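Report on one structure; see the data block that follows.
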Amino acid sequence: MRNVKKRGALNLYYPPYNPMKGAGRRQHQQLLIQTGNYNGRYSSDLIQHHLPGLFEHMRESGNRRVAPVRLFESSFSNVKDYDVFDTAMEWIMTRLELYLRGRGQLGPFQPFPDDKNRLFDIKDKLEMEFDYFYRTGDDSMIEPSLQYILHLFQMIGHILECDQGCGASGILHAEFVNTALQFVPYFSSDPSSMMSLITAVSKISGYNNGVMERLVNQLGPYERRDLRDTAYAMFKKGDLVATQLLYHVI
């Protein structure tokens, strides 16, 4: 008889011998994290510290190997979400590799080569598109790129959410916020997109006022005014993030 325990919508199979039983307490086991773009082996201590929710899932299930997409795909709205999820997980796991190598938190765009960080390529591509727009007036390439980046930040925030997702260590959370700060100038002229970015990034901190304030402080006076107007319109519809912005940040 198989021992099955329900956790939310998941049916987790518990083998008679649970190889994860001592992980995080006495043993330093190797765990395999599989995504569409990136597979890597990590110590149980590293995963427990930086992605505590994912670690708990693996310990409860008794599996040393996990494909995180299986934990989140029920929330996907279309096929494109799979690609965005893979890119988001790739960013998260390559950050953990940096921490493992002892490089620590040196900012989201490190002063040394980091060829595994696809946000480098995404930011470079966006800058070229803006340069093309300034030269030609053609902004047809910018909007799809901005929407993809926004979707990517929303996905990372969804993955790192403490209650429903994998959780995040302080250093990973800080790097996520610092990375978002680098993209604020591209969203600042569109208050609706700026609201979406603030919501995505502050979500994993429980909508912390300090995180919101850091993002808002990157805006100029006219951009803050437009954001305030948008937040007020959303506040009248009962939006909690807009309420917090109006009362504590803007």
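The values are calculated or read from the model by the stated rules, or taken from the named source; none is laboratory data. Every value quoted in this text rests on a predicted model; they were computed, and no experiment measured them. Note: ideal-geometry Cβ built from the backbone for every residue, glycine included; neighbour counts use all protein chains shown. Just the protein is used for accessible areas: all its heavy atoms, side chains included, with ligands, DNA and RNA removed. Shrake-Rupley method; radii C 1.70, N 1.55, O 1.52, S 1.80 Å.
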Residue match in region 203-213 (condition: assigned to a helix (DSSP H, G or I), open to solvent by 10 Å² or more (accessible area, probe 1.4 Å) and farther than 30 Å from residue 51 by Cα): no
I'm trying to understand the selection: among the residues of region 55-70, which are in a helix (DSSP H, G or I) and within 15 Å of the chain's Cα centre (by Cα)? 69
Pairs please, first residue from region 117-146 and in contact (Cβ under 8 Å) with a residue 60 or more places away in the chain, second anywhere and of a type in the set (Ser, Thr, Tyr) and surrounded by 14 or more Cβ atoms within 10 Å (Cβ to Cβ), Cβ atoms under 7 Å, 6+ apart in sequence or on different chains. 119/179; 126/145; 126/186
The residue from 63, 78 that alone is open to solvent by 40 Å² or more (accessible area, probe 1.4 Å), at pLDDT below 90 and not hydrophobic (A, V, I, L, M, F, W, C) is 63
Contact list please: Cβ distance under 9 Å, first residue in region 51-73 and without any contact (Cβ under 8 Å) to a residue 60 or more places away in the chain, second residue of a type in the set (Gly, Ala, Ser) and in a helix (DSSP H, G or I), pairs at least six apart or on different chains. 55/44; 58/44; 59/44; 64/44
Can you tell me which of (1) over 16 Å from residue 217 (Cα atoms); (2) in contact with a helix residue (DSSP H, G or I) (Cβ under 9 Å, 6 or more places away or on another chain); (3) open to solvent by 50 Å² or more (accessible area, probe 1.4 Å) is the one residue 175 doesn't meet? (3)
Among (1) at pLDDT below 90; (2) touching a Gly at 6+ places or on another chain (Cβ under 9 Å); (3) open to solvent by 40 Å² or more (accessible area, probe 1.4 Å); (4) in a helix (DSSP H, G or I), which single condition is residue 158 missing? (1)
